[in-house]
There are 4 protein chains.
Amino acid sequence: MATDTYDQFREDMLGRANVADTPELVDFYHDLESQHAGALWTVANKIEPWEPESDSVPVLWEYDRLRDHVLRALKLVSPEQAGRRVVYLANPGRTDVTAAVGWLYTGLQVMGPGEVASSHRHSASALRFIMEGSGAFTNVDGHKMTLGRNDFVLTPNGTWHEHGVAEDGSVCIWQDGLDIPLMNALEANFYEVHPDLQQAVSFPIDDSTSTWGSPGLKPAGETWSKRYSPLLKYEWEPTYEALCRLEKVSDGSPYDGIHMDYVNPFTGGPPMSTMGASMQLLRPGEHTKAHREVGSFVYQCAKGHGHSIIGGKRFDWKEKDIFVVPSWMWHEHVNGSGSEDACLFSFHDLPTMRALGLYRVEGLAENDGYQPLAS
Amino acid sequence: MATDTYDQFREDMLGRANVADTPELVDFYHDLESQHAGALWTVANKIEPWEPESDSVPVLWEYDRLRDHVLRALKLVSPEQAGRRVVYLANPGRTDVTAAVGWLYTGLQVMGPGEVASSHRHSASALRFIMEGSGAFTNVDGHKMTLGRNDFVLTPNGTWHEHGVAEDGSVCIWQDGLDIPLMNALEANFYEVHPDLQQAVSFPIDDSTSTWGSPGLKPAGETWSKRYSPLLKYEWEPTYEALCRLEKVSDGSPYDGIHMDYVNPFTGGPPMSTMGASMQLLRPGEHTKAHREVGSFVYQCAKGHGHSIIGGKRFDWKEKDIFVVPSWMWHEHVNGSGSEDACLFSFHDLPTMRALGLYRVEGLAENDGYQPLAS
Amino acid sequence: MATDTYDQFREDMLGRANVADTPELVDFYHDLESQHAGALWTVANKIEPWEPESDSVPVLWEYDRLRDHVLRALKLVSPEQAGRRVVYLANPGRTDVTAAVGWLYTGLQVMGPGEVASSHRHSASALRFIMEGSGAFTNVDGHKMTLGRNDFVLTPNGTWHEHGVAEDGSVCIWQDGLDIPLMNALEANFYEVHPDLQQAVSFPIDDSTSTWGSPGLKPAGETWSKRYSPLLKYEWEPTYEALCRLEKVSDGSPYDGIHMDYVNPFTGGPPMSTMGASMQLLRPGEHTKAHREVGSFVYQCAKGHGHSIIGGKRFDWKEKDIFVVPSWMWHEHVNGSGSEDACLFSFHDLPTMRALGLYRVEGLAENDGYQPLAS
Amino acid sequence: MATDTYDQFREDMLGRANVADTPELVDFYHDLESQHAGALWTVANKIEPWEPESDSVPVLWEYDRLRDHVLRALKLVSPEQAGRRVVYLANPGRTDVTAAVGWLYTGLQVMGPGEVASSHRHSASALRFIMEGSGAFTNVDGHKMTLGRNDFVLTPNGTWHEHGVAEDGSVCIWQDGLDIPLMNALEANFYEVHPDLQQAVSFPIDDSTSTWGSPGLKPAGETWSKRYSPLLKYEWEPTYEALCRLEKVSDGSPYDGIHMDYVNPFTGGPPMSTMGASMQLLRPGEHTKAHREVGSFVYQCAKGHGHSIIGGKRFDWKEKDIFVVPSWMWHEHVNGSGSEDACLFSFHDLPTMRALGLYRVEGLAENDGYQPLAS
Ligand SMILES: [Fe+2]
Ligand SMILES: [Fe+2]
Ligand SMILES: [Fe+2]
Ligand SMILES: [Fe+2]
Ligand SMILES: [Fe+2]
Ligand SMILES: [Fe+2]
Ligand SMILES: [Fe+2]
Ligand SMILES: [Fe+2]
């Protein structure tokens, strides 16, 4: 019977398991199964692959196609019913864990003027990237922040948070990124609803940015023992200026152009323990070389248009489109304009990989560093 | 149809998703699916549970029952064919990822006199706990070590390693512990066979223990930039002495008795990035109180006998028995003797949990801290 | 004889040395001296004081009075002859170690158009605060920087450095701050002249500020293993803006008003191992409360006017005046204007104190926190 | 006049100050002095030396000669009068700061049976090395320890401490090492007498060694936030065993033989923030090569006999003799026996140097690495 085959992972190479099934062995395997045990050599080549092979596939979600559905949700459910009104993106290879790629979740949240979602907290870390609308705000542990286009905002692990849109605002849409799948995989996910459902505003509006968002400076004597950044909102304007400034003095990376990481200003490290984020600028006409990394990436085009080649397949993107790059898959990026720069926001699990000593990166050696396109 | 039910996770509570299916909504869900998307509120309560619920179940493997099977393997396959001759332990809830509990793999490796397995390395970190036999050795990056009963030995991430038994030795069995399932889950697992199949012995025998295994001392001026311990073998005798010494000056932990962690002497931290290990001594008659932790544990009884209550179920153990405690499951330990101490070796993924800021522990408040036994 | 008195430090208190001289004891002391030894109790109360008593005195140097002398130096010596053309400030209590306060050196360097000083490096760390003139530049390990009024610039320990003024510039004066006295005290000071006397410009002008001087961002993938900041120039304009932004959301410190530390953006820590620097803004009419700190401080008024009360004595300051606060001496600051803010730049040895675990701070409890003025 | 010479440090080399006095310049210098200022070029070559030149000289104190004086003190003063009954060692170049070398103080403390010194604490860190007698004990923050020959004991910065000898003990002598001179130089020294003059014993005797003094292990779950080691006593026997074990697997250092550092087991780092200590074993007939280090060292011979060559001068030592090596001075050690090993205990300020990034070491290149003896 098919289920009684145990030698399908054989490899004919010294140092790898290479044991053919025999009746005697299959008997042995059956006996082991009855003991909640197995023979390592029947699975060794499967569980010790030569290199990572991601369960995820590269996908691109066009904002133009998603947007209508997101707006439809606005009418179909209220935040009270839904908890949060979000359309999430499901990687075909990862629907079982509700992930967009690897162990990363992402979705588009929509709120209308005057709406507010209830306050809660969880082990999962969250981040936002603001896509459209005016008047949105978020409150993280009493720090209320206004949200503008292309702002990057943190809701770290364990913080109380709630979102809303001002009465005089417009319909707002932003991308949520979370490590919910990772928290569940690690069997470490806790959830709490705020006892008062809403939380107070305890600090001046946008105080974290005014306090921690200045270059080369920190408030004197301020201590901070949390594992996440005290700077909670990174605004688009200074971020874009930073890229333009860096462009003038740096050749950038052959794989990523002008590329900056959002950091925790208190430590210089990643903004949260498990997830990081970056913004990169592709210069007019730039076509980066291919590399692959241990880690999963969710991109959103923040400016301009172009395409990326991921695992040999081309994905065309323009502003607000979202796409993913699975772990250890070749990828390269192309600015579609010869005169304007293009910007890609991304978030990823590199802080997790680095915390565990697992990060690796490799440039493509062949073909001058460019992937052949799969036909 | 069953597959068209989207509201099976509803909870009737403010702050949780509570949306009943309607034909209009189900249409909407179908449309989202066609876009590789979904509505968060249909899965939110599932993916954001109130607290972790492990996929693993508690299991105990009696060595008396396993041993015969392990010895049978000695005759059935050679190390050359099998790569390594190992019987692994499969948690009924985790057979898909070949884990004993959570993301931890464990198995029993057996080698006869004169046998040697080929050298290789991988992203997974490994550890050994020696169970029986004489003459076993391991070679880790040229550091050859002799292996004695109850010794704890490291094979860190990325090190070349091979094992064997001396010609004049006896059949040897040891427990292997690895984070193979975690490395695969994180899509970070690489594997290499040593170009020469065997590696040289580059240092005096047991040099790492002689160099780094002294209390409160390190070789002067020695630097070390690896993420794992330079001390590779922790011998049983000084470990047991340490527990006895600690017992004399400490009340120990109400949850774990006299309890010590194996550490990297260069940093005082865990011996490897992803996995740690401990040895604990239960005093005669000791019955510890119940607690639960974010993290998965594999125990082996190193001395004496007793039982543990895990998730309300009793598991009796004696020397060399192996059992597991899943994440966030109540557990307590009982020394079965009123006159002798009992020792439990364990390894776990707490370094992973701590690196990501996810570790939590909680003592049982009710019933004076003891679990009621499930009947 | 006076020299034979050994009991001048007696204190009549249990736990303190309290031994009166006797002929027998004095004999004993003489015998010890002949052995290069002594009796601890003859000096214990002196070398173990109840609290630190600084050898330094508070001093203020008026720029109006210093400036003429500094300009006079311009005519009297060339950079070639002098090495560097600097007038240093000598604390009356520390002339033996050429310190302005504690173990900190400071001086005013002056260069004319077209002048350039030769390149060298040393164990001492240096910093600059620019006071007047246009066209000044510094080159630190190939990173050439232009220097503007109130810019703060690093020349870390071990970096090659040289300064100059462009041909079309004007006479420039800046403050140098160094830990030369500390390096000498620690017997750790090395000095080298650059083999070519001048060094090349190896990077785009001001590249360190363009690369590292952006809020909440760092160049992706950039590593840095030096013990000092990769950001070498902190410009005045964004610094002043940061203070104004912080003022809007913070009450500041009762002892220092709106107070920010210059940091190493790679670590969030101090810019150099031994010295740090700060900029503080005193709001119109602000009179801070008195505190004292373990550490020595050199201040320069960067904007406005006011006075400080140091050790009970009043010191009036206006732009470019320099004054010092010795270790563990009470100090408070007063903005002299009721309508304009005032800014004080300062540098200090707090990183040294913190690295050794010695920093302490204490607010004045009496008199509502204000020192009585010594009459 | 002699005092009016300002050009005594001239060096005739580009990049160094080389300004001859002229009447005009001397006038200028006088004017600067009246402003508490000076011309840098008059002192630059002095305060920026090519390399460190220690104020200390190498000295050896023979225990045979000191011991009588120490015992004499036993009769001359009581601990109540003296605070502590200690004969300190005074470097001829550092009598002004009561240092044995650099900023390190050392002395010999003597106590008789039944004596006890009052409890106090201070910013200075202290250590002990036990020389003779039985029954001595120390109490550090409630941790009472018994003191045996050649034990190394900590009294860290800020801990309450008191010493004594049991009624049934004998006269005890030990070496005290402190950073008192450094604390005074840094103007950071605080002192307090214990409110009750004596402190309680709050833990089982020698609990710190039983808890933290085991190889490769720490008590599970134990946290520690102090900047010093939780292990307070390092006993001689396991230390000597460690050296013998290391000797078997290591060639040791050409400059120091078999050389181990005492460490904080919680961090793997130095036992205290400012001072560290080491024990080294010179093999029979070993003659180490010369090197020099930034840092000051106090040695005591713990076993055997031999000599050291320091700054070209020979110093012969045997058990309990003490000698010092100043910063950046060449030194080499010779075991005087061809059949027995010799051991040198030392303490030093390398943790201070390393915390500030100032440590350097250099081997002697000439003469096959051996200093010519000054005749
Ligand atoms: Fe949330
Ligand atoms: Fe990439
Ligand atoms: Fe392996
Ligand atoms: Fe537990
Ligand atoms: Fe310099
Ligand atoms: Fe202050
Ligand atoms: Fe003391
Ligand atoms: Fe040395």
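Every number in this text was worked out from the coordinates using simple rules, so none of it is lab data. The structure displayed is predicted, hence computed values, not measured ones. Cβ: placed from backbone, ideal geometry, glycine included. Neighbour counts: every protein chain shown.
For the stretch D:235-244, a residue qualifies if it is closer than 21 Å to D:His333 by Cβ and within 9 Å of chain B (Cβ to nearest Cβ), and the qualifying residues are D:Thr239, D:Ala242, D:Leu243.
Of the residues that sit in the stretch D:110-134 and are surrounded by fewer than 24 Cβ atoms within 10 Å (Cβ to Cβ) and among the polar types (S, T, N, Q), which one is farthest from the other protein chains (Cβ to nearest Cβ)? Checking each candidate, the answer is D:Ser134.
A single member of D:Gly276, D:Gly177, D:Gly213 is in contact (Cβ under 8 Å) with a residue 12 or more places away in the chain, of a type outside the set (Phe, Trp, Tyr) and in contact with a Ser or Thr (Cβ under 8 Å, 6 or more places away or on another chain), and it is D:Gly177.
Of all the listed residues (C:Phe347, C:Phe323), the sole one being crowded, with 19+ Cβ neighbours inside 10 Å and out of contact with any Cys (no Cβ under 9 Å at 6 or more places or on another chain) is C:Phe347. Inside the stretch C:155-187, can you point out the residues that are farther than 22 Å from C:Asp321 by Cβ, away from chain D (no Cβ under 14 Å) and not in a loop (DSSP other than H, G, I, E, B)? Matches in the stretch C:155-187: C:Gly164, C:Val165.
Criterion first (surrounded by fewer than 21 Cβ atoms within 10 Å (Cβ to Cβ) and either on the phi < 0 side of the Ramachandran plot or out of contact with any Gly (no Cβ under 6 Å at 6 or more places or on another chain) (or both)) does D:Thr211 satisfy it? No; evaluated as a whole, the condition is false for this residue.
Within the stretch D:21-39, is even one residue on the phi < 0 side of the Ramachandran plot and in contact (Cβ under 8 Å) with a residue 60 or more places away in the chain? No, the stretch D:21-39 has no match at all. If you go through the stretch A:19-45 and keep only what is under 19 Å from B:Leu108 (Cα atoms) and in a loop (DSSP other than H, G, I, E, B), you end up with A:Val19, A:Gln35, A:His36. Could you say whether any residue in the stretch B:49-65 is at the interface with chain A (Cβ under 7 Å from one of its Cβ atoms), without any contact (Cβ under 8 Å) to a residue 24 or more places away in the chain, surrounded by 21 or more Cβ atoms within 10 Å (Cβ to Cβ) and part of a loop (DSSP other than H, G, I, E, B)? Within the stretch B:49-65, none of the residues are at the interface with chain A (Cβ under 7 Å from one of its Cβ atoms), without any contact (Cβ under 8 Å) to a residue 24 or more places away in the chain, surrounded by 21 or more Cβ atoms within 10 Å (Cβ to Cβ) and part of a loop (DSSP other than H, G, I, E, B).
Here are some residues: C:Ala188, C:Ala200. Which one is out of contact with any Lys or Arg (no Cβ under 6 Å at 6 or more places or on another chain) and farther than 17 Å from C:Gly142 by Cβ? After ruling out the rest, the residue left standing is C:Ala188. So in the stretch D:308-319, with the set limited to residues that are touching a Gly at 6+ places or on another chain (Cβ under 9 Å) and surrounded by fewer than 19 Cβ atoms within 10 Å (Cβ to Cβ), which one is nearest to D:Ala374 (Cα to Cα)? Per the stated criteria, the residue is D:Asp316.
With respect to the conditions (1) out of contact with any Ser or Thr (no Cβ under 7 Å at 6 or more places or on another chain); (2) away from ligand 7 (no atom under 16 Å from the Cβ), D:Asn91 falls short on a single one, namely (1). Give the residues of the stretch D:348-375 that are outside any loop (DSSP other than H, G, I, E, B) and of a type in the set (S, T, N, Q), sorted by residue number. Within the stretch D:348-375, D:Thr352, D:Asn367 qualify.
Taking the criterion of being charged (D, E, K, R) and either part of a loop (DSSP other than H, G, I, E, B) or surrounded by fewer than 16 Cβ atoms within 10 Å (Cβ to Cβ) (or both), the residues of the stretch A:224-250 that qualify are A:Lys226, A:Arg227, A:Glu235, A:Glu237, A:Glu241, A:Lys248.
This table checks each residue for (1) within 18 Å of D:Arg72 (Cβ to Cβ); (2) not aliphatic (A, V, I, L, M).
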site	(1), (2)
C:Tyr6	yes, yes
C:Ala17	yes, no
C:Ala20	yes, no
C:Ala39	yes, no
C:Lys46	no, yes
C:Trp50	no, yes
C:Pro58	no, yes
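Annotation: of all residues in the stretch C:319-337 being under 22 Å from C:Leu108 (Cβ atoms) and more than 10 Å from ligand 6 (Cβ to nearest atom), the one that is farthest from the other protein chains (Cβ to nearest Cβ) is C:Glu319.
When the stretch C:287-302 is filtered for residues that are buried (at least 20 other Cβ atoms within 10 Å of the Cβ) and either of a type in the set (S, T, N, Q) or more than 14 Å from chain D (Cβ to nearest Cβ) (or both), the ones remaining, listed by number, are C:Thr288, C:Ala290, C:Ser296, C:Tyr299, C:Gln300, C:Cys301, C:Ala302.
Pick from B:Ala44, B:Ala100: which is more than 7 Å from chain A (Cβ to nearest Cβ), in contact (Cβ under 8 Å) with a residue 12 or more places away in the chain and not aromatic (Phe, Trp, Tyr)?
Of the residues listed, the single one that is more than 7 Å from chain A (Cβ to nearest Cβ), in contact (Cβ under 8 Å) with a residue 12 or more places away in the chain and not aromatic (Phe, Trp, Tyr) is B:Ala100.
Could you list, in sequence order, all residues of the stretch C:244-274 that are under 25 Å from A:Ser225 (Cβ atoms) and hydrophobic (A, V, I, L, M, F, W, C)? Within the stretch C:244-274, C:Leu246, C:Val249, C:Ile258, C:Met260, C:Val263, C:Phe266, C:Met272 qualify.
A single member of D:Pro254, D:Pro284, D:Pro271 is within 25 Å of D:Trp212 (Cβ to Cβ) and either within 8 Å of another protein chain (Cβ to nearest Cβ) or touching a residue at least 12 places away in the same chain (Cβ under 8 Å) (or both), and it is D:Pro271. Residues in the stretch A:148-187 that are among the small types (Gly, Ala, Ser) and either within 19 Å of the chain's Cα centre (by Cα) or over 21 Å from A:Phe347 (Cα atoms) (or both): A:Gly158, A:Gly164, A:Ala166, A:Gly169, A:Ser170, A:Gly177, A:Ala185.
Answer with yes or no whether B:Arg354 is away from ligand 2 (no atom under 16 Å from the Cβ), closer than 25 Å to B:Leu246 by Cβ, within 14 Å of another protein chain (Cβ to nearest Cβ) and of a type in the set (Lys, Arg). Yes, satisfied. Out of B:Leu364, B:Leu344, one residue alone is more than 10 Å from every other protein chain (Cβ to nearest Cβ), within 14 Å of ligand 4 (Cβ to nearest atom), closer than 30 Å to A:Ser273 by Cα and of a type outside the set (Gly, Ala, Ser). It is B:Leu364. Is the stretch B:273-283 home to any residue that is farther than 30 Å from D:Lys233 by Cα and touching a His at 6+ places or on another chain (Cβ under 9 Å)? Yes; the residues of the stretch B:273-283 include at least one that is farther than 30 Å from D:Lys233 by Cα and touching a His at 6+ places or on another chain (Cβ under 9 Å).
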